[in-house]
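Input: a single structure, listed below in structure tokens.
The values are calculated or read from the model by the stated rules, or taken from the named source; none is laboratory data. Please read these numbers as outputs of a predicted model, since none were measured by experiment. Positions of Cβ are generated from backbone atoms using ideal geometry, with glycine treated the same way; all protein chains shown enter the neighbour counts. Heavy atoms of the whole protein, side chains included, go into the accessibility calculation; ligands, DNA and RNA do not. Shrake-Rupley method; radii C 1.70, N 1.55, O 1.52, S 1.80 Å.
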Amino acid sequence: MKPATDLPDRRTLLNDLWAIQLEKRHISDQGIKTLAARYQLSEVEIEGVVSFYHFFHRQPAGQYTIYVNNSVTAMHSGMPAIISAFEEATGARIGQTDPTGTFGLYETSCIGLSDLEPACLINFQPFTHLTPQKVKALVWQLRRGVPVEQLANPIPQHLRYQLPPDRAVLLRPFVPGETLKPLLQLDPEEVLSTLEASGLRGMGGAFFPVGKKWRLCREQPGNEKYILCNADEGEPGTFKDRMLLQYLPGLVIEGMIHAAYATGAAEGWIYLRAEYRWLLPELEAAVAAYYDRGWLGAQIPAKSPFRFDIHIPLGAGAYVCGEETAMMNSLEGLRGEPRVRTYFPVERGYRQKPTVVNNVETFAAAARVLEIGAERFAALGTPQMKGTRLLSIAGDCERPGVYEIEWGTRLAEVLDWAVAKSTLAVQISGPSGQCIDPNYGDPCFDWDDLRCGGAVTIFNTQRDLLQILRNFSSFFAEESCGVCTPCRAGNFIFTRKLDKLAKGLGRADDYVEIQNWSNIMRQTSRCGLGRAATHALLTAMEHFPGYFSWYFSPNGAAGAQPFDLEAAVSDYRETVNKTLGTTKTN
Amino acid sequence: MAKAVSIQIDGIEVQAEEGQNLVDAIRGAGVFIPSLCYYEHIQPPLGTCRVCTVLVNGKPTASCTATVRPGMKVVTQTKELEDVRKGMVEMLFAEGNHFCPACEKSGDCDLQGLGYRLGVTATRFPHLFVNRLIDYRPERMVIDHNRCIRCRRCVEEVRTDAGKAVFSFVNRGKDTEVAIDYKAETELTEAQALQAMHLCPVGAILVRGKSLARPVGERKYDQTEQGWEKEEGAIEVPTPKPGAPKKVVATTSLAGCFGCHMSLLDIDEELLDVVELVDFNKSPLTDIKEFSRRCDVGIIEGGCCNSENVEVLRAFREHCDMLIGVGECAIWGGLPAMRNFIPIEECLLEAYGRTTELEDSKVVIPKHEDLPELLDRVYGCQEIVRMDYFIPGCPPDARHIWKVLKHALFGQPYALTHEEFKYD
Ligand SMILES: Cc1cc2nc3c(=O)[nH]c(=O)nc-3n(C[C@H](O)[C@H](O)[C@H](O)COP(=O)(O)O)c2cc1C
Ligand code: SF4
Ligand code: SF4
Ligand code: SF4
Ligand code: FES
């Protein structure tokens, strides 16, 4: 038997699948056969990749493929009515195409437009602030042949809060090339020590010190190293990377150039989530502009000139690909499953070579550190969290959008800026974060308090917490990569548990079980997805004991479990009634 | 030559090879650690099942994914870790559809073996009852998705001579499963096909015409299997104080086959002793139909498949101080739960629409106010009422039922030992 490593390189597989999907509107059996032959793989392996990614369809997905998103904020902004309007206007049921194959209508996870909900993608172009009337008009125009691109909305910047110029880090005037100037004076070692001195940490959720990560990569032997910009931004409610990529792509690119210089990497990728495909032309133009100026390619001006290339591959609809090792697998043309942690990416990452993975915002902030200096950066924020952070604020507030705040800012202040009224709960860092009562203990954004990954989603007193948590639960059950038991089965089991609570069948025992089961998932899951999946539920139970006491009523004294007999026999009754008087058809 | 280094396992310094897989190092130190997906020569390790979770330097880690490093501190045995690992096995049982009595791998199955070993009687999780495929399309194999634990061994290991993968994971999230390549499968040699069947830790890969079954006594988990300490020693059965009042027992068979009741009677002459000790109230054994007094213990065979079962079970809960579920059907539905994957309409039409000989050729599904109504699926007893104890088995052995019962009635309840409750 041949080891898998002898097989042909499959790095271009996702690209090829995209080409087929976009042209033929699905990946047919023939398409699978062709690719299997091209890559010398068995068909089932291609099938395995295709079925992993949400945006690859095995059945035709319509000339116009519509993805409505089922994030909590979308649902709260009236998505159910939008879905009905699409169904009515297109004749397609959700999850299918209409009989003529013109329109395909599908649900998908958050598409990174939470400040503009209800929103959808049509052929990967964004449509925001939808209303049933708008949907009708839109479908009518599409039927008349108006190109989708022409109809798509411009996406506003929605920069809501900018720090005063002396405190702003990211959102301040940007002159392309400005952050690269220091490279003429600094050698890589000095870049590293600047970053280390700044205290900048990663912004993608794990908060690993950036200087240290880059140094670890630099210290690895060999000269084949890679820079990977994580633009997968899949955490529902997060859209700050979208804003950066759209309005400050140069800053992100410059951050990657710094990383390349500091680590010795010669190639970089911006792994762009397919939901942001509409950003691709602008982003490619931005990269091209850097090549034009000689800031990318061979001989990049610096104290010791270097070479660096950037490519922009696309994801294909999988939240878990935001996990760094899953992303590397995805880039390699595999299913986007997180790897077993035998090595850190800086030791063995993409193609088993040392790789720096950072979030979009991290690269942008790193570039700014070089520009404004470590000292000025480190003077901002708190002792443990230096500098600033972008927040994506959405949900029940008047001013959703992107806010740059200094670490240490109080949540109450942020809610005021956003004009959030009658706030019941705030979801910090998306579904994998905490669901908290903002009035409880005056929380602020800091290491030991709200270590926020970027999303702040606001729910007012009209909202049903359990429904929100149920939405999160199915998100994880769908988006789990499925490779490890606790996350694949555990999240599924949790959806059932929450259904049980929603039916009013919960008891005090369930409260204890939720804690026990969550602990099991936290201790055993391979990656952060499974470990964090019940975090929101646990924190909500802790912060809203009054609300939950209704769901966890005392255990029945006689030992009767809640069981709805009427519901359990209803299928039988229906069948009996339906078949009354029907004739046998053998 | 690997360097011997010293590491700590549960507070004890032991020597292990640097770089060695931690599972092997733990086992080398004579400490039991379960595993399911771990397959020695697959690198990097699969790390899918997570039943080998331990603490490495305080951090929960799947031990098969860690390698020995000097000075590492490993904790394997805490109450919490044991519960967590057992939880993993329970989760796999809840996720799949494991009808062991009908399974070719029974007795040789790693999942089943671990279930016994870790003392899983009932899973704490609700059974998901997802309708899964038994794939008969491959030429040479049958793939039973009900039993697959997605360990990934077959995906990594089974390749044709041309190097093509025969298995792959497909879909993702809760729908993740293993699929087989029908073309590549035909290219496997007989030996490769058999290898696939044998590397599968459960009974998900079967090769047509090749029996997995080995005679009892020769199977992997038969009692002499090395590394499994034999649990022995007579357990003292408590006896009632002389002159104490007789205990009152009720029994019922819900959606079961009466097999557990038959087993109950299987103690032969000892039955006479039993009659000395207990009085039977409502029970098919006495033909008493209604409870006439409060009972100490209710013995339940079978799960609930219709409205009458639910009512009877609830009445038992109300009239008995303690409820003991006997057999797999009571625990989670058992064999009758095989119908849980079929919509009730289809079940009823199959039974009354297509197969009965009715003269007027009308579909008549019996319905009368005196007839119980069918539930949408078969439920385990603890989904309806709180249960106090379960005695696993299909059916459990008579001696064990009585041993548990006597303990429950006259002394402390005790968990059956592994040897006792193996029924594969
Ligand atoms: C399930 C999961 C999803 C993730 N999604 C993202 C993401 O969308 N964007 C991101 O930057 N990091 C994401 N991460 C974190 C990355 O694995 C990684 O830690 C991060 O990109 C490192 O960059 P940083 O050091 O700049 O934060 C995710 C992690 C997990 C476990
Ligand atoms: S925790 Fe979930 S997403 Fe992460 S590896 Fe396991 S199954 Fe995949
Ligand atoms: S695979 Fe194992 S656990 Fe599953 S039914 Fe077969 S013997 Fe039982
Ligand atoms: S078929 Fe068997 S070997 Fe393959 S993943 Fe399933 S359990 Fe593992
Ligand atoms: S044996 Fe370690 S994860 Fe499966």
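Determine if region B:317-325 includes at least one residue that is touching a residue at least 24 places away in the same chain (Cβ under 8 Å), open to solvent by less than 40 Å² (accessible area, probe 1.4 Å) and at positive phi.
no
Restricting attention to region A:119-129, and to residues there that are open to solvent by 10 Å² or more (accessible area, probe 1.4 Å) and in contact (Cβ under 8 Å) with a residue 40 or more places away in the chain, which single residue is nearest to residue A:479 (Cα to Cα)?
Residues of region A:119-129 open to solvent by 10 Å² or more (accessible area, probe 1.4 Å): A:123-125, A:129.
After this cut, where a residue has to be in contact (Cβ under 8 Å) with a residue 40 or more places away in the chain as well, the list is A:123-125.
Numbers: A:123: 22, A:124: 20, A:125: 23 Å.
Checked region A:119-129; the qualifying residue nearest to residue A:479 (Cα to Cα) is A:124.
Kindly list the number of the only condition in (1) within 16 Å of ligand 4 (Cβ to nearest atom); (2) under 24 Å from the mean Cα position of the chain (by Cα); (3) open to solvent by 10 Å² or more (accessible area, probe 1.4 Å) that fails for residue B:201.
With (1) within 16 Å of ligand 4 (Cβ to nearest atom); (2) under 24 Å from the mean Cα position of the chain (by Cα); (3) open to solvent by 10 Å² or more (accessible area, probe 1.4 Å) applied to residue B:201, the lone miss is (3).
Taking region A:470-482 as the search range and keeping residues that are hydrophobic (A, V, I, L, M, F, W, C) and surrounded by 24 or more Cβ atoms within 10 Å (Cβ to Cβ), which one is nearest to the other protein chains (Cβ to nearest Cβ)? Walk me through how you get there before you give the answer.
Looking only at region A:470-482, we keep the residues that are hydrophobic (A, V, I, L, M, F, W, C), and these are A:472, A:475-477, A:481.
When the remaining residues are screened for being surrounded by 24 or more Cβ atoms within 10 Å (Cβ to Cβ), the result is A:472, A:475-476, A:481.
Values: A:472: 14, A:475: 10, A:476: 8, A:481: 6 Å.
Checking each candidate, the answer is A:481.
Being open to solvent by less than 60 Å² (accessible area, probe 1.4 Å) and modelled with pLDDT under 80 is the requirement here; does residue B:236 meet it?
Numbers: open to solvent by less than 60 Å² (accessible area, probe 1.4 Å): no; modelled with pLDDT under 80: yes.
The answer is no for residue B:236.
Residue A:501 passes all but one of (1) within 28 Å of residue B:150 (Cα to Cα); (2) open to solvent by less than 30 Å² (accessible area, probe 1.4 Å); (3) within 14 Å of another protein chain (Cβ to nearest Cβ); which number fails?
(1)
When you go through (1) modelled with pLDDT under 95; (2) assigned to a strand (DSSP E or B) one by one for residue B:74, which number turns out not to apply?
With (1) modelled with pLDDT under 95; (2) assigned to a strand (DSSP E or B) applied to residue B:74, the lone miss is (1).
Looking at region A:326-429, what strands (runs of 3 or more DSSP E) fall wholly within it and have at least 1 residues that are of a type in the set (D, E, K, R) and modelled with pLDDT of 95 or more? Give the derivation first.
Values: elements: A:355-359, A:388-395, A:401-406, A:423-428.
Result: A:388-395, A:401-406.
Please list, ordered by residue number, the strands (runs of 3 or more DSSP E) wholly in region B:9-71 having 1 or more residues that are within 15 Å of ligand 5 (Cβ to nearest atom) and polar (S, T, N, Q). Reasoning before the result, please.
Numbers: elements: B:12-17, B:53-56, B:59-62.
Result: B:53-56, B:59-62.
Conditions tested, residue by residue: (1) more than 20 Å from residue B:199 (Cβ to Cβ); (2) touching a strand residue (DSSP E or B) at 6+ places or on another chain (Cβ under 9 Å); (3) more than 10 Å from every other protein chain (Cβ to nearest Cβ); (4) open to solvent by 10 Å² or more (accessible area, probe 1.4 Å).
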{"position": "B:70", "(1), (2), (3), (4)": "yes, yes, yes, yes"}
{"position": "B:88", "(1), (2), (3), (4)": "yes, yes, no, no"}
{"position": "B:118", "(1), (2), (3), (4)": "yes, no, yes, yes"}
{"position": "B:128", "(1), (2), (3), (4)": "yes, no, no, no"}
{"position": "B:136", "(1), (2), (3), (4)": "yes, yes, yes, yes"}
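Here's the yes/no breakdown for (1) within 29 Å of the chain's Cα centre (by Cα); (2) more than 14 Å from chain A (Cβ to nearest Cβ):
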site: B:282; (1), (2): no, yes
site: B:301; (1), (2): yes, yes
site: B:319; (1), (2): no, no
site: B:327; (1), (2): yes, yes
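Would a scan of region A:488-496 turn up a residue that is among the β-branched types (Val, Ile, Thr), surrounded by 22 or more Cβ atoms within 10 Å (Cβ to Cβ) and either away from every other protein chain (no Cβ under 12 Å) or within 16 Å of ligand 5 (Cβ to nearest atom) (or both)?
The initial filter retains those residues of region A:488-496 that are among the β-branched types (Val, Ile, Thr), namely A:493, A:495.
With surrounded by 22 or more Cβ atoms within 10 Å (Cβ to Cβ) added as a condition, the list becomes A:493.
Cutting the leftovers down to either away from every other protein chain (no Cβ under 12 Å) or within 16 Å of ligand 5 (Cβ to nearest atom) (or both) gives us none.
No, there is no match, as no residue in region A:488-496 is among the β-branched types (Val, Ile, Thr), surrounded by 22 or more Cβ atoms within 10 Å (Cβ to Cβ) and either away from every other protein chain (no Cβ under 12 Å) or within 16 Å of ligand 5 (Cβ to nearest atom) (or both).
Could you look through region A:311-363, keep only residues that are within 18 Å of the chain's Cα centre (by Cα), at the interface with chain B (Cβ under 10 Å from one of its Cβ atoms) and among the aliphatic types (A, V, I, L, M), and pick out the one that is nearest to residue A:16 (Cα to Cα)?
Here the residue is A:318.
Can you tell me which residue is nearest to ligand 3 (Cβ to nearest atom) among those in region B:95-109 that are surrounded by fewer than 24 Cβ atoms within 10 Å (Cβ to Cβ) and in a helix (DSSP H, G or I)?
B:100
Test each condition in (1) within 16 Å of ligand 5 (Cβ to nearest atom); (2) open to solvent by less than 50 Å² (accessible area, probe 1.4 Å) for residue A:531 and report the one that comes out false.
Unmet for residue A:531, out of (1) within 16 Å of ligand 5 (Cβ to nearest atom); (2) open to solvent by less than 50 Å² (accessible area, probe 1.4 Å): (2).
Given the criteria within 16 Å of ligand 5 (Cβ to nearest atom) and crowded, with 18+ Cβ neighbours inside 10 Å, does residue B:159 qualify?
Numbers: within 16 Å of ligand 5 (Cβ to nearest atom): no; crowded, with 18+ Cβ neighbours inside 10 Å: yes.
Criteria not met by residue B:159.
Going by the conditions given, is residue A:507 of a type outside the set (Gly, Ala, Ser), open to solvent by 30 Å² or more (accessible area, probe 1.4 Å), within 14 Å of chain B (Cβ to nearest Cβ) and out of contact with any Phe, Trp or Tyr (no Cβ under 6 Å at 6 or more places or on another chain)?
Details: of a type outside the set (Gly, Ala, Ser): yes; open to solvent by 30 Å² or more (accessible area, probe 1.4 Å): yes; within 14 Å of chain B (Cβ to nearest Cβ): yes; out of contact with any Phe, Trp or Tyr (no Cβ under 6 Å at 6 or more places or on another chain): yes.
Against the criterion (of a type outside the set (Gly, Ala, Ser), open to solvent by 30 Å² or more (accessible area, probe 1.4 Å), within 14 Å of chain B (Cβ to nearest Cβ) and out of contact with any Phe, Trp or Tyr (no Cβ under 6 Å at 6 or more places or on another chain)), residue A:507 qualifies.
In region A:63-92, how many are in contact with a strand residue (DSSP E or B) (Cβ under 7 Å, 6 or more places away or on another chain), closer than 13 Å to residue A:105 by Cβ and either not assigned by TED's automatic domain parsing to the domain that holds residue A:118 or not small (Gly, Ala, Ser) (or both)?
Selection size over region A:63-92: 13.
Does residue A:466 count as in contact with a helix residue (DSSP H, G or I) (Cβ under 9 Å, 6 or more places away or on another chain), more than 14 Å from residue B:126 (Cα to Cα) and away from chain B (no Cβ under 11 Å)? Before you say what the answer is, go through the steps one by one.
Details: in contact with a helix residue (DSSP H, G or I) (Cβ under 9 Å, 6 or more places away or on another chain): yes; more than 14 Å from residue B:126 (Cα to Cα): yes; away from chain B (no Cβ under 11 Å): yes.
So residue A:466 passes the test.
Quick one: what pairs do we get from region B:42-58, first residue within 7 Å of chain A (Cβ to nearest Cβ) and surrounded by fewer than 20 Cβ atoms within 10 Å (Cβ to Cβ), second in a loop (DSSP other than H, G, I, E, B) and of a type in the set (A, V, I, L, M), C-beta under 8 Å, 6+ apart or different chains?
B:44/A:340
What's the number of the only condition in (1) surrounded by 14 or more Cβ atoms within 10 Å (Cβ to Cβ); (2) out of contact with any Leu (no Cβ under 7 Å at 6 or more places or on another chain); (3) part of a loop (DSSP other than H, G, I, E, B); (4) in the same structural domain as residue A:82 (by TED's automatic domain parsing) that residue A:146 fails to meet?
Result: residue A:146 fails condition (1) only.
Please go through (1) open to solvent by 10 Å² or more (accessible area, probe 1.4 Å); (2) not in a strand (DSSP E or B) for residue A:307 and return the number of the only condition it doesn't satisfy.
Of the numbered conditions (1) open to solvent by 10 Å² or more (accessible area, probe 1.4 Å); (2) not in a strand (DSSP E or B), the odd one out for residue A:307 is (2).
How do the helices (runs of 4 or more DSSP H) wholly within region A:1-99 filter down when requiring 2 or more residues that are at negative phi and of a type in the set (S, T, N, Q): which remain? It would help to see each step written out before you state the result.
Details: elements: A:13-24, A:29-39, A:43-50, A:72-76, A:79-90.
Result: A:13-24, A:29-39, A:79-90.
Within region B:152-163, does at least one residue satisfy the condition of being under 30 Å from residue A:497 (Cα atoms) and more than 16 Å from ligand 1 (Cβ to nearest atom)? Quick ask: steps written out before the conclusion?
Filtering region B:152-163 down to residues under 30 Å from residue A:497 (Cα atoms) leaves B:152.
Pick out the ones that are also more than 16 Å from ligand 1 (Cβ to nearest atom) and you get B:152.
Yes, there is a match, as at least one residue in region B:152-163 is under 30 Å from residue A:497 (Cα atoms) and more than 16 Å from ligand 1 (Cβ to nearest atom).
Please specify each residue of region A:71-87 satisfying the condition of being out of contact with any helix residue (DSSP H, G or I) (no Cβ under 7 Å at 6 or more places or on another chain) and touching a residue at least 12 places away in the same chain (Cβ under 8 Å). If you could, list the steps in order and put the result at the bottom.
Taking region A:71-87 and keeping what is out of contact with any helix residue (DSSP H, G or I) (no Cβ under 7 Å at 6 or more places or on another chain), we get A:74, A:76-80, A:83-84, A:87.
Those that are out of contact with any helix residue (DSSP H, G or I) (no Cβ under 7 Å at 6 or more places or on another chain) and touching a residue at least 12 places away in the same chain (Cβ under 8 Å): A:74, A:76, A:77, A:78, A:79, A:83, A:84, A:87.
For region A:147-177, how many residues are within 22 Å of residue A:253 (Cα to Cα) and among the hydrophobic types (A, V, I, L, M, F, W, C)?
Qualifying residue count, region A:147-177: 8.
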